[in-house]
Amino acid sequence: LTGVLDDCLCDIESIDDFNTFKIFPKIQKLQERDYFRYYKVNLKRPCPFWADDGHCSIKDCHVEPCPESKIPVGIKAGSSNKYSKVANNSKELEDCEQANKLGAVNSTLSNQSKEAFIDWARYDDSQDHFCELDDERSPDAQYVDLLLNPERYTGYKGPSAWRVWNSIYEENCFKPRSVYRPLNPLAPSRGGDDGESFYTWLEGLCLEKRVFYKLISGLHASINLHLCANYLLEETWGKPRWGPNVKEFTRRFDPVETKGEGPRRLKNLYFLYLIELRALSKVAPYFERSVVDLYTGNGHEDAESKALLLDIFRDTKSFRMHFDEKSMFAGDKKGAKSLKEEFRLHFKNISRIMDCVGCDKCRLWGKLQTQGLGTALKILFSEKEIQSLPENSPSKGFQLTRQEIVALVNAFGRLSTSIKELQNFKVLLQQTR
């Protein structure tokens, strides 16, 4: 896989080098930090689109939530308290086993600022969300330690898994039913059509709709790469051995086995990486303000986490071949606004489909990566609001919840891992030839 990507002036080799030597080592470290390893999620929300066919009983699908006793009082207070000093009450926190491990954004603020935050807590973001967000106050919402529940192959497959992806592609990618997506096992037989009619149709779309399809395809490719790279190779005496499965990788991405489709999927992974990389470089000013602190209760660790995050932002800004999102929704104002809203609603629908995933672990990582991409899109469409943020007080124009911040960093971390794993598979393939 080499050369320049479609719809942007960037080549794959540059992304490989940038990711391997600059981004991957740092994003790995950041994901291990307490602020970013705990994610609150509701895995019991019912599927809104079809009768649930039950959760899979495969043991590797199970997600182990954090015990309630380990969640600090500051976090349990909810989003309205996410910047307040109440969360830093050490007497309350001493009772918690992991008092300094979990947290929300915190800062020392003036009374005027505190009032503004209370006001903001009642007021939803003026910038509409691209995702259906879980209600963090729901009794079914639980904190999950992402490091203890890694994304990997679970054995969840078949009609249930394909119905989810089929619904995403067939009903939410601006696609007419008469044009078949390549290699969709659920589609009727197409005879000799190898999917070229699909790509002829795709090239005829406006940039925005092409981008939408590529983002979803890139996310799908990334998830498939994680499963191939972290596959259950064998289990002896109850001890599982996980690792890369070259045969599975070949089945999903080899040009011959996929009728030329595999390399296209991988190119879309790189395209998605560029989109989220761009979002990180754009959101830097939000985090550079002294008012934002990645609060866990451990001052030293919080300072180190923020320094590492800002270091990653410096790297993202130094990358010279960013995707130019200004070319999107740039037509006449009325048409552009209508298309942007359609784009948002389609993506929001996809985030709701994640509640139809039958495997809890797949649902957890599907929801997190979808929310991360949704947060990236929210950032890219909020440039003016981010640039006009006040240095020492909250702004109603643009806000990120802790959930969005955790999802954004971990989703990009997954893409960075995918591209690194792709390099590993290249080496493994050369060794097997």
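Summary of computed values
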item: Efficiency of FRET between Trp201 and Glu257 - r from beta-carbon atoms, R0 35 angstrom, step 0.05; result: 0.90
item: Accessible area expressed per residue, the range 258-358, with surrounding protein chains retained (probe 1.4 Å, Å²); result: 39 Å²
item: ³J(HN,Hα), Karplus 6.51/-1.76/1.60, whole Hz, each residue of the range 263-279, x for Gly, Pro; result: x, 5, 4, 5, 5, 5, 4, 5, 5, 4, 4, 5, 5, 6, 4, 4, 4
item: Given Lys247/Lys348; Lys44/Lys239; Lys40/Lys333, the pairs whose alpha carbons are separated by over 32 Å; result: Lys247/Lys348; Lys40/Lys333
item: Proximal charge balance of Ile312 [Cβ under 14 Å; K/R count +1, D/E count -1]; result: +3
item: Residues whose placed amide H lies under 5 Å from that of Asn42, excluding near-sequence neighbours; result: Gln142
item: Only Lys, Arg (+1) and Asp, Glu (-1) charged, at Cβ; the range 204-303 dipole about Cα centre in debye; result: 620 debye
item: Of the chymotrypsin sites (Phe, Trp or Tyr not before Pro) in the range 234-296, those whose Cβ has at most 11 other Cβ within 10 Å and which sit in DSSP loop; result: Trp237
item: Extension gain (nm, one decimal) between Asn424 and Asp6, 0.36 nm per residue minus Cα-Cα; result: 148.0 nm
item: Gly297 long-range amide H proximity, modeled H, under 5 Å; result: none
item: Per-residue SASA entry for His220, accessible area with 1.4 Å probe, Å² rounded to 10; result: 20 Å²
item: Three-way shape call for the range 165-318 based on the alpha-carbon gyration tensor, with the a/c threshold at 1.5; result: oblate
item: The range 225-271: GluC sites (Glu not before Pro) in DSSP loop, at most 15 other beta carbons within 10 Å; result: Glu257
item: Ratio of Rg to Rh over the range 316-433 (Cα coordinates, Kirkwood Rh, two decimals); result: 1.05
item: Calculated FRET value between Ala284 and Arg433, using beta carbons and R₀ = 45 Å, to 0.05; result: 0.55
item: Charge context of His322, other residues only, Cβ under 10 angstrom, K/R +1, D/E -1; result: +2
item: Rounded if a/c under 1.5, otherwise prolate or oblate - the range 234-386, Cα gyration tensor axes; result: oblate
item: Debye log10 I(q)/I(0) for the range 228-267, one point scatterer per Cα, at q = 0.13, 0.31 Å⁻¹; result: -0.35, -0.94
item: Net charge of Cβ neighbours under 11 Å - reference Pro255; Lys, Arg +1; Asp, Glu -1; result: 0
item: Karplus 3J(HN,Hα) series, Hz, for the range 140-154 with 6.51 cos²θ - 1.76 cosθ + 1.60 (x for Gly, Pro); result: 7, 7, 9, 7, 10, 7, 5, 6, 8, 10, x, 6, 7, 5, 10
item: Where labels lie 7 Å past Cα in the beta-carbon direction, separation of Val179 and Glu342 in nm; result: 1.2 nm
item: Spacing of the two label points (7 Å from each Cα toward its C-beta) at Ala307 and Ala51, in nm; result: 5.9 nm
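The values are calculated or read from the model by the stated rules, or taken from the named source; none is laboratory data. Not measured: the values here are computed from a predicted model. FYI the Cβ positions are ideal-geometry reconstructions off the backbone, even for glycines, and counts take in every protein chain you see. Note: areas computed on protein heavy atoms with side chains; ligands, DNA, RNA excluded. Shrake-Rupley method; radii C 1.70, N 1.55, O 1.52, S 1.80 Å.
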